[in-house]
1. Determine which single condition B:Thr102 fails, assuming it passes every other condition in (1) farther than 22 Å from B:Cys90 by Cβ; (2) surrounded by fewer than 24 Cβ atoms within 10 Å (Cβ to Cβ); (3) at pLDDT 95 or above.
2. How about the stretch B:22-58: which of its residues are outside any strand (DSSP E or B), at pLDDT 95 or above and among the small types (Gly, Ala, Ser)?
3. Out of all the residues in the stretch B:204-214, is one or more within 14 Å of chain A (Cβ to nearest Cβ) and under 17 Å from B:Tyr131 (Cα atoms)?
4. Being among the acidic types (Asp, Glu) and assigned to a strand (DSSP E or B) is the filter here, so list the residues in the stretch A:4-58 that pass it.
5. Collect the residues in the stretch A:1-42 that are in contact with a strand residue (DSSP E or B) (Cβ under 9 Å, 6 or more places away or on another chain) and among the basic types (Lys, Arg), keeping them in residue-number order.
6. For the stretch B:1-27, which positions are away from chain A (no Cβ under 14 Å) and either touching a strand residue (DSSP E or B) at 6+ places or on another chain (Cβ under 9 Å) or surrounded by 20 or more Cβ atoms within 10 Å (Cβ to Cβ) (or both)?
7. Could you identify the single residue in B:Ala75, B:Ala82, B:Ala37 that is away from chain A (no Cβ under 12 Å), under 24 Å from B:Ala199 (Cα atoms) and of a type outside the set (D, E, K, R)?
8. Considering each residue of the stretch B:59-88, count those that are surrounded by fewer than 19 Cβ atoms within 10 Å (Cβ to Cβ) and under 18 Å from B:Ala208 (Cα atoms), and give that number.
Amino acid sequence: MIVNGKPAGEFAGTLLEYLLQHGYREDCVVVERGGEIIVREQFSDVVLQRNDELNILHFMGGG
Amino acid sequence: MDDIFELGGKAFASRFILGSGKFSLPLVQAVTEQGGAQMITLALRRANAGGQENILDFIPPDVTIIPNTSGARDAEEAVRIARLARALGCGDFVKVEIMRDTRYLLPENAETIHATEILATEGFAVLPYVYPDLAVARALKAAGAAAVMPLGAPIGSNKGLLTREFIEILVREIDLPILVDAGIGRPSHACEAMELGCAAVMCNTAVATAGDPAVMARAFKLAIEAGRAAYLARPGRVLEHGAEASSPLTGFLDE
């Protein structure tokens, strides 16, 4: 997989499991997979594939 | 006196929009509270792995989140960021900012009109950040913008209302709230914008680069309130020539 622009190996499991195992705040992120938006309610339904490209995004300070 | 500011279907008592960049997270909370801000802008970026605090933890729950599209270089990227930001569940507001120029950070007005059109159709309350231009502001109104955000001076410059004449034209001619954004460096600049009839002022760098940001946030709050009150009070006329005594000129030594 590619996660946030970097190679991230493979992961067997759901998106929610990936986020929790890597210490992301699942209540504060939105995920883009191959250009498709995945919201929090769908995290546990999405099974990750080896060629997935994910952007894991959150809010930060900005004007 | 009730002076409610309506924007994007919501009512606000404060006319101070705070930008949250360049602050430590605890300071975000302090400046929001001291400034009495009810709207705060945020950026959307990639998150890092590993447990961490999130800026949302430091924003009081009654404050409205306005995601910005910073980083977008064209309408397509701005729309993408806006949709992702809305998916985070913080409401329908979006501040559209589109820039290609990295030296002066001036906005791409034409792309901004295009993005506004798309996002307004999708139900966003769109706050487009633009160079103040009457034709552009009219196009934004037609595109369904909720307000127009003209820049006062280049982003982060703290130079004040360099575009004052053109912002005044927008206030007079455009039937939308005019929110001055960018370049406001001092409370006096914010006060001046409000005296002109702007509906609100946004600032970030002016507060973030102050010696004491929390106290500066409070100073901005007071200045914005003063300017708004002065606008509502309708400032007195300016004499073109000469003077007009404030004290009676007769009644004592002239007798």
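The values are calculated or read from the model by the stated rules, or taken from the named source; none is laboratory data. Here the structure is a predicted model, which means the values were calculated and not measured. Heads up, the Cβs are rebuilt from the backbone with ideal geometry, glycines too, and the neighbour counts pull from every protein chain shown.
1. (3)
2. Listed by number, the residues that qualify are B:Gly35, B:Gly36, B:Ala37.
3. no
4. Restricting attention to the stretch A:4-58, the residues satisfying the condition of being among the acidic types (Asp, Glu) are A:10, A:17, A:26-27, A:32, A:36, A:41, A:45, A:52-53.
Matches in the stretch A:4-58: A:Glu32, A:Glu36, A:Glu53.
5. Within the stretch A:1-42, A:Arg25, A:Arg33, A:Arg40 qualify.
6. Within the stretch B:1-27, B:Ile4, B:Phe5, B:Glu6, B:Leu7, B:Gly8, B:Gly9, B:Lys10, B:Ala11, B:Phe12, B:Ala13, B:Ser14, B:Arg15 qualify.
7. On the way: B:Ala75 fails: under 24 Å from B:Ala199 (Cα atoms); B:Ala82 fails: away from chain A (no Cβ under 12 Å).
Of the residues listed, the single one that is away from chain A (no Cβ under 12 Å), under 24 Å from B:Ala199 (Cα atoms) and of a type outside the set (D, E, K, R) is B:Ala37.
8. So the answer is 0.
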